[in-house]
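Novice: To start, I am sharing the structure in question, which I have written as structure tokens.
The values are calculated or read from the model by the stated rules, or taken from the named source; none is laboratory data. None of these values were measured; they are calculated from a predicted model. A quick note on method: Cβ atoms are made from the backbone with ideal geometry, for glycine too, and the neighbour counts reach across all protein chains shown.
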Amino acid sequence: MTKALLLIDVQKEYAAEGRLALSGMDAAIEAIGALITHFRANCAPIVFVQHVELDPAVPFWIDTAGAELHDRLQPEPHDVLIVKSFPNAFLQSWLQPTLQAHDVTELVIAGAMTQICVDSTARGARDFGYPVTIASDACVAGALEWEGKAISAAQVQKTFLAALATLMPVKKVAEITAPEPEPEAPAAGSDLVP
């Protein structure tokens, strides 16, 4: 089995200077950095997904700094970059053929925003049969408003992670990057017949 790291929309539009600045982005970037270090150390595939829009009136317009990947999270030559224009990164993109070409059978997903593109892509991955783990502290949500009432980003994050946890594992980065336990050796003489 090949496990890949799928990083969703780690772009400048969500940074402090972006049009969709997210208060939790800095903490998520730190956690994503730890995931990248872990996956690179294990020579595992890393796929960056970049959202772009062709309308200059909306965030992520292709010709703006906001559409660029965050300076601290840049692909290396052996990493993969997929461009998308829909919340679900599998929709009308090269993501699925790229994962197949790299023999990917399992995904760890992180990025932004939890309630839109992370959620949509994680569910899309399940539709293709991929086991998915969500890196909870490497994802970041934005605040919402519903029926005239504000819903904090923290509440949105908890709600969407709780919903995703009914479908797939949702773990902290420290759990995902922890060394695999060594298989226990059989006790001496355990296969001997008395």
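Novice: Tell me whether region 156-172 contains one or more residues that are at pLDDT 95 or above, surrounded by 14 or more Cβ atoms within 10 Å (Cβ to Cβ) and more than 20 Å from ILE116 (Cα to Cα).
Specialist: No, because not a single residue in region 156-172 is at pLDDT 95 or above, surrounded by 14 or more Cβ atoms within 10 Å (Cβ to Cβ) and more than 20 Å from ILE116 (Cα to Cα).
Novice: Right, LEU20: in contact with a Pro (Cβ under 6 Å, 6 or more places away or on another chain), aliphatic (A, V, I, L, M) and surrounded by fewer than 20 Cβ atoms within 10 Å (Cβ to Cβ) or not?
Specialist: yes
Novice: A further question on this structure: Quickly run through region 31-43 and pick out the residues that are surrounded by 13 or more Cβ atoms within 10 Å (Cβ to Cβ) and not basic (Lys, Arg).
Specialist: Within region 31-43, ALA31, ILE32, GLY33, ALA34, LEU35, ILE36, HIS38, PHE39 meet the criteria.
Novice: With the requirement that a residue be touching a Phe, Trp or Tyr at 6+ places or on another chain (Cβ under 9 Å), hydrophobic (A, V, I, L, M, F, W, C) and free of Cβ contacts under 8 Å to residues at least 40 places away in the same chain, what does region 127-139 give you? Walk me through it before giving the result.
Specialist: We begin by selecting, within region 127-139, every residue touching a Phe, Trp or Tyr at 6+ places or on another chain (Cβ under 9 Å); these are 127-128, 139.
Now drop any that are not hydrophobic (A, V, I, L, M, F, W, C), which leaves 128, 139.
Across region 127-139, the qualifying residue is only PHE128.
Novice: Further, regarding this structure: Could you tell me whether region 50-66 includes any residue that is of a type in the set (Asp, Glu) and under 23 Å from LEU35 (Cα atoms)? Before the answer, list the steps.
Specialist: Filtering region 50-66 for residues of a type in the set (Asp, Glu) gives 53, 55, 63.
This time we only want the ones that are under 23 Å from LEU35 (Cα atoms), so: none.
No, every residue in region 50-66 fails to be of a type in the set (Asp, Glu) and under 23 Å from LEU35 (Cα atoms).
Novice: Could you list, ordered by first residue, the pairs with Cβ atoms under 6 Å in which the first is in region 76-94 and under 16 Å from ALA122 (Cα atoms) and the second is modelled with pLDDT of 95 or more and assigned to a loop (DSSP other than H, G, I, E, B), at least 6 apart or interchain?
Specialist: Partner pairs satisfying both residue conditions: ILE82/SER93; ILE82/TRP94; LYS84/SER93.
Novice: Residues VAL49, VAL83: which one is at pLDDT 95 or above and in contact with a Phe, Trp or Tyr (Cβ under 9 Å, 6 or more places away or on another chain)?
Specialist: Exactly one residue qualifies, and that residue is VAL83.
Novice: Here's a follow-up. Which of the residues that make up region 94-108 are over 27 Å from GLN155 (Cα atoms) and either of a type outside the set (Gly, Ala, Ser) or buried (at least 17 other Cβ atoms within 10 Å of the Cβ) (or both)?
Specialist: TRP94, LEU95, GLN96, PRO97, THR98, LEU99, GLN100, HIS102, ASP103, VAL104, THR105, GLU106
Novice: If you don't mind, another one. From GLY142, GLY124, GLY111, grab the single residue that is under 28 Å from ALA41 (Cα atoms), touching a residue at least 60 places away in the same chain (Cβ under 8 Å), crowded, with 18+ Cβ neighbours inside 10 Å and not hydrophobic (A, V, I, L, M, F, W, C).
Specialist: Among GLY142, GLY124, GLY111, only GLY111 is under 28 Å from ALA41 (Cα atoms), touching a residue at least 60 places away in the same chain (Cβ under 8 Å), crowded, with 18+ Cβ neighbours inside 10 Å and not hydrophobic (A, V, I, L, M, F, W, C).
Novice: With respect to LEU81, is the statement that it is under 18 Å from ILE29 (Cα atoms) and of a type in the set (A, V, I, L, M) true?
Specialist: yes
Novice: Here is a check on your reading of the model: is SER85 surrounded by 16 or more Cβ atoms within 10 Å (Cβ to Cβ) and either of a type in the set (S, T, N, Q) or more than 25 Å from ALA143 (Cα to Cα) (or both)?
Specialist: No, not satisfied.
Novice: Hey, another quick one. May I ask you to list the residues in region 1-17 that are over 22 Å from THR64 (Cα atoms) and either crowded, with 21+ Cβ neighbours inside 10 Å or without any contact (Cβ under 8 Å) to a residue 24 or more places away in the chain (or both)? Spell out how you get there, then give the answer.
Specialist: First, the residues of region 1-17 that are over 22 Å from THR64 (Cα atoms): 1-6.
Selection gives ALA4, LEU5, LEU6.
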